[in-house]
1. Which ones in segment 323-351 are buried (at least 17 other Cβ atoms within 10 Å of the Cβ) and closer than 20 Å to residue 365 by Cβ?
2. Only one of 319, 349 is of a type outside the set (A, V, I, L, M) and over 30 Å from residue 16 (Cβ atoms); which?
3. Within segment 220-229, identify whether any single residue is modelled with pLDDT of 95 or more, touching a helix residue (DSSP H, G or I) at 6+ places or on another chain (Cβ under 9 Å) and not basic (Lys, Arg), and answer yes or no.
4. Take residue 79 and decide whether it is hydrophobic (A, V, I, L, M, F, W, C), assigned by TED's automatic domain parsing to the domain that holds residue 120, touching a residue at least 24 places away in the same chain (Cβ under 8 Å) and under 9 Å from residue 97 (Cβ atoms).
5. If we scan segment 301-314, do we find a residue that is out of contact with any strand residue (DSSP E or B) (no Cβ under 8 Å at 6 or more places or on another chain), in contact (Cβ under 8 Å) with a residue 40 or more places away in the chain and either surrounded by fewer than 21 Cβ atoms within 10 Å (Cβ to Cβ) or under 14 Å from residue 199 (Cβ atoms) (or both)?
6. Hey, among the residues in segment 251-263 that are within 25 Å of the chain's Cα centre (by Cα) and surrounded by fewer than 21 Cβ atoms within 10 Å (Cβ to Cβ), which one's modelled with the highest pLDDT?
7. Taking the residues in segment 30-65 that are in a helix (DSSP H, G or I) and among the hydrophobic types (A, V, I, L, M, F, W, C) as candidates, determine which candidate is surrounded by the fewest Cβ atoms within 10 Å (Cβ to Cβ).
8. So how many residues does segment 47-65 have that are modelled with pLDDT under 90 and over 16 Å from residue 30 (Cβ atoms)?
Amino acid sequence: MAVATRLTGMQEKKLQNYFGGKQFTLLYKATVHEFSEDNLLQKCCDQGPTVMVIYGGAYVLGAYIRESYKRDDRVPIVLFAFQENEISECNIGVDSPSSFLYQYNRKWDDSGFLLNLEQKKVNMNLDTFKKLGLPQNRPISFEECEVFRCEDLLDKRIMKGITQLHDKLLADMRIYRPHRDLIHQIRILLLGPTGAGKSSFFNSVKSVFRGHVTHQALVGSDTTGVSDKYRTYSIKDPRADRPLPFILCDSMGLGEREKGLCMDDIVYILKGHISDRYQFDSTKAITPGHSNYIDYPLLKDRIHCAAFVFDINSVEYLSRDMMAKIKKIRRELIKCGVVHVVLLTHVDSMDLVTRGDLRDIYSCMPVKLKLETVHRELGFALSDILVVSNYTSEWELDPVKDVLILSALRQMLWAADDFLEDLLLEETGRCIWWYRHLEVSAVWLLPAWICWVPGSSLCPCRSLSCE
């Protein structure tokens, strides 16, 4: 019969993330393998890094041993305590794991931690109690002791596959061309509540293509938001020295009631009437005659795909007013025929999501529950809900995160292609109607018809509005 751990699912995920994305394999369980120091060392020596977990009533405590060890080896050790959902630690430096066991170290000294398996008690000095944030009542009685082998969730074989996918996605994005070459660059509008991660998503996309973390767009935690201008960000491909085939359009965050982005501005953005660096005003929309107002926008100025950006950790707590705004914007998008998706950010900060889950994030149950919440509350199709982990505090790129970002971007470009294809079909239909209802000579009609060839340089689709 398989031996099961006493750790709850949340406790295990928390510890796995806390110690750098590990997977646990149970090596020793005292109630099964006896409360014996000899048995513990016999099963746990030469097994790689290990974590010992002791269950002491209202809290869980233990020791993380960073390296494989023999009985008397001195290795880096970190003590930890798990109270409710918080982990505290006490780094005790280099020591021998056997010195923590009463059988091999019967005198109480200042090492700070002594485990007596036979009596089911743990002794710690006052300094260790304080650092771990535990009540200072010595000794601590426990009912169970477990030891796990710790291995990276993503081994070399898995990382090789992720790197190959990463490189393929990058190559695909670089050679992508919008449908029928109607335009040179797809415009993707980022919408969402203040602090959801719109500007961070642009920074993350640019970081992936540049090969290092960048912070061109300002981000912050101000409740009123940092982005108060309409910004259109084009990214230059450093390899080809030309712009990539998409533009990310960052907008002011949606606020409660009358705060945040003016709802009337959204229609002007969708139709391409607003130029880069327009200063938003929450109380009024842009008007014709403004220096940033484009009177006759071309197809290239319009929005071809919109993405609603939400923090995955708080998306179910959106206010009724915010949900009403989002639904109103969706109606405008549908009226203009603009395809739209949802982008859920900060997935790596979810309690029950490990780094290993990021490689197949849509199969992760906590994430699936979030997707179903968005589908149920806001009406978005499950296939239109994308998940990413932005670069917010990191200084090194992670191929696993890169794949999520590139996959989401690819879906947006495909969605924009659907918009262009539908637009082309619609205008071709208008052309056929025009052809059938004009009684003119064939000599005059032929060159006029050629002007309507989809994708030609004279194609009127390039200057259409959605009015």
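The values are calculated or read from the model by the stated rules, or taken from the named source; none is laboratory data. Note that the structure is predicted; figures quoted are calculated from it, not measured. FYI the Cβ positions are ideal-geometry reconstructions off the backbone, even for glycines, and counts take in every protein chain you see.
1. Hits for segment 323-351 are 342, 344, 345, 346, 347, 348, 350.
2. 319
3. For segment 220-229, residues modelled with pLDDT of 95 or more, touching a helix residue (DSSP H, G or I) at 6+ places or on another chain (Cβ under 9 Å) and not basic (Lys, Arg): absent.
4. Against the criterion (hydrophobic (A, V, I, L, M, F, W, C), assigned by TED's automatic domain parsing to the domain that holds residue 120, touching a residue at least 24 places away in the same chain (Cβ under 8 Å) and under 9 Å from residue 97 (Cβ atoms)), residue 79 does not qualify.
5. Just the residues of segment 301-314 that are out of contact with any strand residue (DSSP E or B) (no Cβ under 8 Å at 6 or more places or on another chain), to begin with: 313-314.
Now drop any that are not in contact (Cβ under 8 Å) with a residue 40 or more places away in the chain, which leaves none.
No, every residue in segment 301-314 fails to be out of contact with any strand residue (DSSP E or B) (no Cβ under 8 Å at 6 or more places or on another chain), in contact (Cβ under 8 Å) with a residue 40 or more places away in the chain and either surrounded by fewer than 21 Cβ atoms within 10 Å (Cβ to Cβ) or under 14 Å from residue 199 (Cβ atoms) (or both).
6. Checked segment 251-263; the qualifying residue modelled with the highest pLDDT is 255.
7. Looking at residues that are in a helix (DSSP H, G or I) and among the hydrophobic types (A, V, I, L, M, F, W, C), I get 32.
8. Of the residues in that region, 2 qualify.
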